[in-house]
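My questions will all concern the structure given below.
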Amino acid sequence: MTRVWKLPLLLALCGVVVAAGLAFGGSPVAAGLYLLLCAALAGMNSPLFFPKALGAAEARRRSAADGRPVVYWRPGCKYCLRLRLRLGRTARQLHWVDIWRDPEAAAVVRAANDGDETVPTVVIDGRPYTNPDPAWLRARLPAA
């Protein structure tokens, strides 16, 4: 659980340290801007930025019921962040599973990627797709 917060906390801590140095050096505006930038990066790399993560079994059950894809991801992954940002509001239609919180999910990803934990791995109708294009994925979402 603490592993998912390491990168966001590190970004926030670095932002505070550098901003303090800039503020004491006589650049309060630059310090404030740097602190805002680091806070934004920390927030985007935190689990808070992604929709609520489900367990792998629950996500598969929900996907079977409503036909929505399951996205296996992990915090700190720039490709997962890219997918989340480019999907925009439609990202909430997907079932997100954090592989660092669910060992079963990590096993699903390893089975789909020849033993590697390559994310994002999206499962649509039981078939895995590794790092799909967001536009391609958006086109395969069921109609609301």
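The numbers here are math on the coordinates, done by the rules we state, and not lab data. Everything numeric in this text was worked out from a predicted model, so none of it was measured. When we count neighbours, we look across all protein chains shown, and the Cβ atoms used for this are built from the backbone with ideal geometry, even at glycine.
Most mobile of Leu81, Leu11, Leu22 per a Gaussian network model of the chain (Cα springs, under 10 Å)?
The residue that fluctuates most here is Leu22.
Which helices of the chain meet both criteria: a Cα extent of 20 Å or more along the helical axis and a mean Kyte-Doolittle score no lower than 0.0, with helices taken as whole DSSP H segments?
On the way: long enough: 6-24 (27 Å, 2.19); 28-44 (24 Å, 1.94).
Qualifying helices, which must be both long enough and hydrophobic enough, are 6-24, 28-44.
Right, here's the next one. Given Cα pairs under 8 Å that are at least 6 residues apart, what percent is the relative contact order of the range 2-48?
Values: 45 pairs, mean separation 23.8, N = 47.
Computed over the range 2-48, the figure is 51 percent.
Pull out the extension gain between Ala23 and Arg89, defined as 0.36 nm times the separation in residues minus the alpha carbon to alpha carbon distance; nm, one decimal. All intermediate terms of the calculation are to be shown ahead of the outcome.
On the way: separation 66, 0.36 × 66 = 23.76 nm, distance 3.70 nm.
Length gained between Ala23 and Arg89: 20.1 nm.
Once the other residues with Cβ under 12 Å from the Cβ of Ala105 are scored (Lys, Arg +1; Asp, Glu -1), what is the net sum?
Working: positive: Arg60, Arg74, Arg101, Arg110; negative: Glu58, Asp98, Asp102, Glu104, Glu117.
Here the charged neighbours net out to -1.
So for the chain: antiparallel DSSP bridges make up what percent, rounded to the nearest 5? Write down the numbers at each step before the final one.
On the way: 7 of 11 bridges.
Beta bridges within the chain, antiparallel portion: roughly 65 percent.
Tell me which residues come under 5 Å, amide H to amide H, from Thr121 once H is placed; ignore anything under 5 positions away on its chain.
Tyr72, Asn131
So in the chain, which Cys have no other cysteine's beta-carbon sitting under 4.7 angstrom from theirs?
Cys14, Cys38
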